[in-house]
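Readers should treat all values here as calculations from the given coordinates under stated rules, not as data from a laboratory. Just so we're clear, the structure is a prediction, and the values are computed from it rather than from any experiment. Note: ideal-geometry Cβ built from the backbone for every residue, glycine included; neighbour counts use all protein chains shown.
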Number of protein chains: 2
Amino acid sequence: MAAPISAHFVAAAHGTFQIERVTAVCGETLASAPALSVVPSLTPALEASAIWRLRGSTGHVRYVEQAEKVALARVTPPLGRSEAGCAVMIPIRKTDAWWELAQDERRAIVEAQSQHIAIGLRYLPAIARRLYHARELGEPFDFVTWFEFAPEHAPGFDELLALLRATTEWRYVDREVELRLRRA
Amino acid sequence: MAAPISAHFVAAAHGTFQIERVTAVCGETLASAPALSVVPSLTPALEASAIWRLRGSTGHVRYVEQAEKVALARVTPPLGRSEAGCAVMIPIRKTDAWWELAQDERRAIVEAQSQHIAIGLRYLPAIARRLYHARELGEPFDFVTWFEFAPEHAPGFDELLALLRATTEWRYVDREVELRLRRA
């Protein structure tokens, strides 16, 4: 893993991805907008055009253990594959109760109880994924999760989402917005 | 734990703390300056006055387990105690090799091999401590650690530092600057 990758998510009239649908899964929604861009840094023009903006930064793994890291590395695809015309952006916030848990308690919920890592693994390499951390940036969400896949894998992606949302871990989610995107 | 606490560390001609000594423990130093202030947000005047600036944000515990969390909570003092006239700011950066480790590998180094949490506990409540995360903010350091104690606990603090710097965990530190401060 190299240095953290910083990203700004800008919803505006024009952008790299067309926004097909915005769903408030839980808590307050985000305003609908025609398009979204993901950029490493903002320009004044981009800032002025924004209907809304979010920010995140990649980081080191928080729960993944060594054997899982090896298994994930073996099948994790890059972002930006030419066949991956579908993208989904899911900003998520977890409750204060989650953040007050100790590391071993959070790990037990993430994997022993919820199998978050094992479930994700089953959908690789079809579904490319990148996790951005946002909580310590003072953002309204704790994470922005980004997914990319080819249109034929959309049913698999829906299944992955349904499995994760049924877990114990998801009881700690108090805001979640789902944006379905198409590469413009 | 409430929301993350964001802090800007501003070295300038005047400030809340007098800088008594700047030591480059490892890697590049920070410029010496007469004083330091720690503020939740910057003003244009403060920004203009800065000799250098760093930023950090508190966050949830990354390695502390449940029993340790309870033990720490029992003896952790607040910052800003009137008798705690001494402060020390230690910005730290860890190597890429550290950040590439999985969670269980980092936890094993932090506690099983280095007893970072157990050592810290021994110096509570004399030495108040707050950890700010900075890596995902794009800062030149990964952490800023902040300590406060009464002058009679300075020898204890020196001992704490010596113990931590002798650990396996510290082999992963590639930049560390120590600033000795006195409340102005």
(message) Could you tell me how many of the residues in the range A:1-19 are away from every other protein chain (no Cβ under 14 Å) and exposed (fewer than 14 other Cβ atoms within 10 Å of the Cβ)?
(response) 2
(request) Please find, within the range A:42-92, the residue that is surrounded by the fewest Cβ atoms within 10 Å (Cβ to Cβ) out of those that are among the charged types (D, E, K, R) and within 11 Å of chain B (Cβ to nearest Cβ). (result) A:Arg62
(message) Please count how many residues of the range A:86-103 are out of contact with any helix residue (DSSP H, G or I) (no Cβ under 6 Å at 6 or more places or on another chain), of a type outside the set (Asp, Glu) and assigned to a loop (DSSP other than H, G, I, E, B).
(response) 1
(request) Scan (1) touching a helix residue (DSSP H, G or I) at 6+ places or on another chain (Cβ under 7 Å); (2) buried (at least 17 other Cβ atoms within 10 Å of the Cβ); (3) away from chain A (no Cβ under 14 Å); (4) in a helix (DSSP H, G or I) for the single condition B:His153 breaks and write down its number. (result) (1)
(message) I need the full set of residues from the range A:119-173 which are over 21 Å from A:Ile5 (Cα atoms) and of a type in the set (Ser, Thr, Tyr), in order please.
(response) A:Tyr123, A:Thr167, A:Thr168, A:Tyr172
(request) Please state which one of A:Leu72, A:Leu42, A:Leu54 is hydrophobic (A, V, I, L, M, F, W, C) and closer than 23 Å to A:Ile119 by Cβ. (result) A:Leu72
(request) With respect to B:Arg81, determine if the residue is in contact with a strand residue (DSSP E or B) (Cβ under 8 Å, 6 or more places away or on another chain) and within 19 Å of B:Leu181 (Cα to Cα). (result) yes
(request) Taking B:Ser37 as the residue in question, decide whether it is under 17 Å from B:Tyr132 (Cβ atoms), surrounded by 17 or more Cβ atoms within 10 Å (Cβ to Cβ) and either free of Cβ contacts under 8 Å to residues at least 40 places away in the same chain or touching a Cys at 6+ places or on another chain (Cβ under 8 Å) (or both). (result) yes
